[in-house]
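Student: Take a look at the following structure, please.
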Amino acid sequence: MNGLVMLVIAAVVLLLAYVFYGRWLAKKWGIDPNKKTPAHEFEDGVDYVPAKPSVVFGHEFASIAGAGPINGPIQAAMFGWLPVLLWILFGGVFFGAVQDFSALYASVKNKGKTIGYIIETYIGKTGKRLFLLFVWLFSILVVAAFADIVAGTFGGFNAAGEKVLANASVATTSLLFIVAAVGLGVFLRKSKPSGLVSGIIAVGLLVLSIALGLTFPIYVAKNIWLYIVFAYIFIASITPVWALLQPRDYLNSFLLVAMIAGAFIGVVFTAPAINIPVFTGFKVGNNTLFPILFVTVACGAVSGFHSLVASGTASKQIDNEKHILPISFGAMLVESLLAVLALIAVGALTVGGKLPEGIVTPPQIFASAVAGFLTKLGLPANIIFTLITLSVSAFALTSLDSVARVGRLAFQELFTEELEPGKQPAPIAKVLSNKYVATLFTLFLGYLLAILGYQNIWPLFGSANQLLAALALIACAVFLKKTKRQGTMLYVPMFAMLVVTFAALAITIQNKGSKLFNGTFKFGVDGLQFIFAILLLALGIMVAISGVSKLMEKEQPEMRKEGMAV
């Protein structure tokens with residue numbers, strides 16, 4: 001297979017999906033461009049702030065992308081390029097984009113509230129609490145997986161102890177990038193410059209950071225970077241959004257355009273050959289195609305994390321309901337295209353069934369391949385590699401920022417109750433709902449998992465992520481039914497992901513249980529995975545049962561008023 005042919009096929013399929021299926025969904029559910037959105041109705045200058053669709057699209061995509069659409073397809077390439085490509089395209093259109101659209105749509109129709117609120121409103125308070133606990137555990141897995149990937153990308157030494165210039169340069173650039181984001185945030189808040197001025201300053205800071213990173217590389221071992229990354233996540237998750245997260249997202253938008261455009265142009269002009277088999281079999285080593293493929297390629301096909309972003313932040317910024325489709329359905333399809341580019345990258349970089357020596361992490365694989373494409377066009381390889389790797393690590397850090405905050409908020413909400421006037425919360429609840437305590441609990445467990453390495457975490461993360469997608473689809477399906485809208489198109493992806501994720505978690509539990517009985521069980525490596533798999537499976541089953549039971553109930557004469565307007 002030729003990489004250019006694969007890219008063209010993917011682009012055509014995704015474009016047609018948006019034009020026909022996406023617009024059909026919008027017509028079925030009802031979009032009212034004249035209805036006041038939550039961003040206008042509850043505008044507070046903090047969370048509810050109407051924004052231009054391009055701004056919200058950039059925020060949505062930067063938050064949901066992370067390292068997921070690059071990491072998943074590269075790992076799943078062990079099954080061959082055909083099953084990965086088919087799952088990206090089919091899953092991205094009929095699973096992922098539908099979930100993202102329904103989650104954002106349901107949130108906008110429910111005062112910009114989260115999936116947890118929708119579950120409480122249409123399913124019940126018990127379902128909400130179980131869902132919050134699930135979200136917290138899921139957040140820990142995301143923190144662990146992405147933190148390990150970022151630390152590996154920054155590691156200044158390879159397995160032999162030799163210096164790795166590219167990684168060290170990316171590390172310096174990333175640190176400067178964070179400092180630049182803080183400075184930019186303060187400047188934007190105080191000066192409020194025009195879009196042109198802020199854009200020029202952002203590009204200047206980006207170029208300066210890359211130049212200094214190439215000139216002054218920092219050589220620090222991966223294990224040290226892991227400590228630094230977790231310290232950063234702690235600060236980022238409790239810092240006001242205007243001081244770090246918002247300017248980082250703004251700077252990330254420029255990296256986003258550069259990375260995708262560079263990869264796209266490189267594939268178009270070099271038409272690389274895909275050097276991995278079409279299909280390697282239904283079992284590769286200890287991994288079976290079902291369900292491993294479908295939980296390994298999470299982002300890029302379907303990702304439950306997207307529902308948290310869509311209903312948590314994006315829904316509070318929608319200026320007009322007509323923007324819901326491009327910001328949700330559209331952003332997911334762009335992520336699917338990025339996943340296809342990642343598949344082309346690993347296929348082009350592989351020679352004789354092996355990757356070049358020293359290329360270990362998926363971000364390094366992606367960056368090396370894209371740098372190779374663009375080098376053939378006359379661009380400097382070291383600068384391109386640094387820029388692409390910086391882009392991937394920046395998105396991973398953005399996802400870490402977001403998910404650490406989501407995990408912390410979920411943990412706090414678990415111990416926050418609506419009290420009667422004058423009544424004080426219990427002392428233990430008051431302590432656990434403290435943002436510093438909640439952040440420490442979340443990140444400490446994330447660190448324990450991170451030291452296992454992302455390879456050991458990713459299948460479990462993928463299972464939790466896909467199960468979260470199934471639970472979000474259940475909540476949205478119940479909402480659509482209760483508000484007399486057609487939601488049958490959610491049933492197939494919903495039940496399919498339940499089967500996939502329950503199977504994947506059951507396999508993990510069985511494997512770890514076998515080790516426990518035959519004496520090979522390692523309490524550090526296997527213990528946490530075993531416990532997490534059991535908890536996730538149990539919580540998933542309970543939330544699914546409560547949601548599906550509501551879905552199967554006969555309709556009552558009186559429907560809830562929330563979300564009824566179209």
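The values are calculated or read from the model by the stated rules, or taken from the named source; none is laboratory data. Here the structure is a predicted model, which means the values were calculated and not measured. Neighbour counts run over all protein chains shown; Cβ positions are idealised from the backbone, glycine included.
Student: I'd like the residue in segment 22-76 that is of a type in the set (F, W, Y), buried (at least 17 other Cβ atoms within 10 Å of the Cβ) and over 16 Å from the mean Cα position of the chain (by Cα) and, out of all such residues, is nearest to P247 (Cα to Cα).
Tutor: Y48
Student: Another one. Out of G92, G58, G80, report the one residue that is over 18 Å from V403 (Cβ atoms), of a type outside the set (K, R) and in contact with a Pro (Cβ under 8 Å, 6 or more places away or on another chain).
Tutor: Just one listed residue meets the conditions, G80.
Student: Look through A151, A168 and report the one residue that is more than 29 Å from L460 (Cβ to Cβ), hydrophobic (A, V, I, L, M, F, W, C), part of a helix (DSSP H, G or I) and at pLDDT 85 or above.
Tutor: The match here is A168.
Student: Residues that are within 29 Å of A11 (Cα to Cα) and at pLDDT 85 or above: list the helices (runs of 4 or more DSSP H) wholly contained in segment 204-312 that include at least 2 such residues.
Tutor: 245-270, 289-296, 305-312
Every residue, every condition in (1) over 30 Å from V437 (Cβ atoms); (2) in contact with a Gly (Cβ under 8 Å, 6 or more places away or on another chain), yes or no:
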{"site": "T361", "(1), (2)": "yes, yes"}
{"site": "I365", "(1), (2)": "yes, no"}
{"site": "F373", "(1), (2)": "yes, yes"}
{"site": "N382", "(1), (2)": "yes, no"}
{"site": "F385", "(1), (2)": "yes, no"}
{"site": "S391", "(1), (2)": "yes, no"}
{"site": "F395", "(1), (2)": "no, yes"}
{"site": "L409", "(1), (2)": "no, no"}
{"site": "T416", "(1), (2)": "no, no"}
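Student: List the pairs whose first member sits in segment 166-183 and is in contact (Cβ under 8 Å) with a residue 60 or more places away in the chain and farther than 19 Å from A231 by Cβ, whose second member is not small (G, A, S) and not in a helix (DSSP H, G or I), and whose Cβ atoms are under 6 Å apart, counting only residues at least 6 apart or on separate chains?
Tutor: Filtered contacts from segment 166-183: S169/P217.
Student: Right, next: Any residue at all in segment 344-354 that is assigned to a loop (DSSP other than H, G, I, E, B) and either touching a Gly at 6+ places or on another chain (Cβ under 7 Å) or not β-branched (V, I, T) (or both)?
Tutor: Yes, there is a match, as at least one residue in segment 344-354 is assigned to a loop (DSSP other than H, G, I, E, B) and either touching a Gly at 6+ places or on another chain (Cβ under 7 Å) or not β-branched (V, I, T) (or both).
A quick yes/no check of all residues on (1) in contact with a Leu (Cβ under 7 Å, 6 or more places away or on another chain); (2) at pLDDT 85 or above; (3) outside any helix (DSSP H, G or I):
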{"residue": "T508", "(1), (2), (3)": "yes, yes, no"}
{"residue": "N511", "(1), (2), (3)": "no, yes, no"}
{"residue": "K522", "(1), (2), (3)": "no, no, yes"}
{"residue": "L528", "(1), (2), (3)": "yes, no, no"}
{"residue": "L536", "(1), (2), (3)": "yes, yes, no"}
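Student: With respect to T389, is the statement that it is among the β-branched types (V, I, T) and surrounded by fewer than 24 Cβ atoms within 10 Å (Cβ to Cβ) true?
Tutor: In short, no.
Student: Using beta carbons and a limit of 6 Å, which pairs, at least six apart or on different chains, have the first residue in segment 414-434 and at pLDDT 70 or above and surrounded by 14 or more Cβ atoms within 10 Å (Cβ to Cβ) and the second one in a loop (DSSP other than H, G, I, E, B) and among the hydrophobic types (A, V, I, L, M, F, W, C)?
Tutor: Pairs that qualify, where the first residue is at pLDDT 70 or above and surrounded by 14 or more Cβ atoms within 10 Å (Cβ to Cβ) and the partner is in a loop (DSSP other than H, G, I, E, B) and among the hydrophobic types (A, V, I, L, M, F, W, C), are A429/F415; L432/F415; S433/F415.
Student: A follow-up question, please. Can you name every one of the helices (runs of 4 or more DSSP H) wholly within segment 40-144 that holds 1 or more residues which are among the hydroxyl-bearing types (S, T, Y)?
Tutor: 53-65, 97-108, 115-122
Student: Residues A39, A26, A17, A10: which one is farther than 19 Å from E335 by Cα, modelled with pLDDT of 95 or more, of a type in the set (G, A, S) and in contact with a helix residue (DSSP H, G or I) (Cβ under 7 Å, 6 or more places away or on another chain)?
Tutor: A26
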